[in-house]
Structures are given as C-alpha cells and as structure tokens.
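The values are calculated or read from the model by the stated rules, or taken from the named source; none is laboratory data. What you see is a predicted model; the values in this text were computed from it and never measured. All Cβ positions, even for glycine, are placed from backbone atoms using ideal geometry, and neighbour counts span all protein chains on display. Remember, those area values only see protein heavy atoms, side chains included, never the ligands or the DNA or RNA. Shrake-Rupley method; radii C 1.70, N 1.55, O 1.52, S 1.80 Å.
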Amino acid sequence: MVKSRRLRNLLNTLALYTIAGLVIGYFGVNAYTGNRGLKAMQDLDQQIVQLNEELAALQAERVIWERRVSLLATANLDPDMLDERARVLLDYADPRELTFRPKP
C-alpha cells in the first residue's frame, strides 16, 4: 500500500512536469515560428531592407526624370531635348541623317 501511494505520487509528479514541459515547449515553438514570432520578425526585417533599396533606386530614377522634365519646361527649354523628344514622338528623321534599322 505504501509503495502504490509513492508510485502514484511519483507518476502524478512526472505527469505534471511532462504536461508543463509540453506547454512550455508549445509556447516556445510558437514564439519562434508563429505569425508574430522571431522568424516572422526576421522575414519582415529582410523585406524592409529590400523595400528600402527599391525605394532608393526609385528615388534616384525620379530625380533623373525630374531633371529631364525640367529641361522641357518653357522657362529653360533645351532645344536639343525638345528636338530629341519631337523626333521620337513624331518618328521623324532628317533626310541627311544616317538611320539604322535593325532587321526584324
């Protein structure tokens, strides 16, 4: 009778520690791999870095385009830029110019 009580107490204690360990393990795994876990945080940090690089590239491209547009403004019209844009849009070439047509 004494042995069975000790055995029961030992098994109850073992079961309690096992359940507590599983619960702690469950929350530990979710803290790492969950929707808001450490892994998700690392993925978001990588995405932020990529988007910041893309933003920097687009801002540089925007500066280039703003400069080109400013050259077409009426206040400081660049004749070469106007001529270039007119030729591209109207598909015009001077008869004295050499033009290269790639073969299809």
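Quick check on my filter: what residues within the range 21-49 are surrounded by 11 or more Cβ atoms within 10 Å (Cβ to Cβ) and outside any helix (DSSP H, G or I)?
The answer is Gly34, Gly37.
Does Leu77 qualify as being of a type in the set (A, V, I, L, M) and either open to solvent by 100 Å² or more (accessible area, probe 1.4 Å) or not in a helix (DSSP H, G or I) (or both)?
yes
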